Amino acid sequence: MYAIEVQDLVRDYNGLRAVKGISFTVNAGEIFGFLGPNGAGKTTTIKMLTGQLRPTSGMARVAGCDVVEERQQLKRHIGVVFDSQNIYERMSARENLRFAARLYGVQKQRVEEVLMQVGLSQRAGDKVKGFSNGMKQRVLIARGLLANPDVLFLDEPTRGLDPGVSRDIRAIISTLAQQGMTVFLTTHYMEEADQLSDRIAIIDQGQIIATGTPEEMKKAYGDGQGATLEDVFINLTGRHLGRGENE
């Protein structure tokens, strides 16, 4: 059984087709890199897969749940971490997570488990306003893990973080996958996608233009021996990666 199954998924906005009948699958327990330029349709796709946006047509199942017909059940099986740091800065990390746990109907002891998972146990009682961006990102990931999801959606998890913190976040992601969690990852950092992803899909102008393992992609679409995933991306899309723009 696939963790994610997408078939002919379409989303229109005011007569414009943002996502144009995409199809792909994600295996249980893998890290799936979903890459594309700004405006390619990545965020729209994630919002459909997480039940936040209704598809115009097509089918998607995540963790066995139809994203339209079983939207409420879906919420119990997924975690979502967007790149905006929407946490309460006047509260401690623990207070933020306990508040979220009440909203999600999660038992209180789970808070301490996820704090340990992301390496925040020692700072759990500190107010978030004193945290670095990397520590705030750990709080967001911990919140996404509260319900012990089958599938975790990570949208730009290391955006704006320094290399050391990014490395720590990547280590957390790898560990989650090793423990059997499926991770759906978007990133503009090609080295990160290459290092983490079991398989990759590249979307451009609302269409999937290539899928495969990083090595398969470099072999098929690179510039010969020594090609990087960034070479593949530029060759396929004709664009360099932009950062910091909305989709």
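Here is how the numbers come out for the structure above:
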| item | result |
| --- | --- |
| Residue among Asn133, Leu146, Gln109 farthest towards the positive dipole end of region 87-148, charges placed on Cβ | Asn133 |
| Relative packing of 114-126, 152-164, which averages over residues the other C-beta atoms within 10 Å, highest first | 152-164, 114-126 |
| Set of lysines near Lys127 by C-alpha distance (under 27 Å), chain-local residues within fewer than 8 positions excluded | Lys108, Lys136 |
| Sites Lys129 and Gln107, calculated FRET efficiency, Cβ-Cβ separation with R0 30 Å, nearest 0.05 | 0.65 |
| Efficiency of FRET from Cβ geometry, Lys219 and Gln52, R₀ 51 Å, rounded to 0.05 | 0.90 |
| Theoretical FRET efficiency, 1/(1+(r/R0)^6), r = Cβ-Cβ of Tyr88 and Asp162, R0 22 Å, to 0.05 | 0.35 |
| Cα lying deepest toward the dipole's positive end in the chain, options Cys65, Gly238, Ala193, charges on Cβ | Cys65 |
| Extension gain from Met1 to Ala227, taking 0.36 nm per residue of separation minus the Cα-Cα distance | 78.0 nm |
| Length gained when the stretch Ala171-Asn38 is fully extended (0.36 nm per residue, less Cα-Cα span) | 45.3 nm |
| Under the Karplus curve 6.51 cos²θ - 1.76 cosθ + 1.60, θ = phi - 60°, whole-Hz ³J(HN,Hα) for region 186-203, x wherever Gly or Pro sits | 10, 7, 9, 9, 5, 5, 5, 4, 5, 5, 8, 7, 6, 9, 9, 10, 10, 10 |
| Within region 21-164: Cβ-based charge dipole about Cα centre, in debye rounded to nearest 20 (Lys, Arg +1; Asp, Glu -1) | 520 |
| Nearest-20 debye value, region 87-148 charge dipole, Cβ charges on Lys, Arg, Asp, Glu | 140 |
| Linear extension gain, Met59 paired with Leu16, 0.36 nm per residue minus alpha-carbon span | 13.5 nm |
| P(r) weight above 24 Å for region 55-194, C-alpha pairs, percent | 30 |
| Selected from Gly21, Phe32, Ile4, residue furthest toward positive end of dipole (region 1-51; charges at beta carbon) | Gly21 |
| Considering only the chain, percent of DSSP beta bridges that pair antiparallel, nearest 5 | 60 |
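Read-outs throughout are calculated quantities, based only on the coordinates presented, and are distinct from any laboratory measurement. Predicted, not measured: the structure shown is a model, and the values here were computed from it. Positions of Cβ are generated from backbone atoms using ideal geometry, with glycine treated the same way; all protein chains shown enter the neighbour counts.
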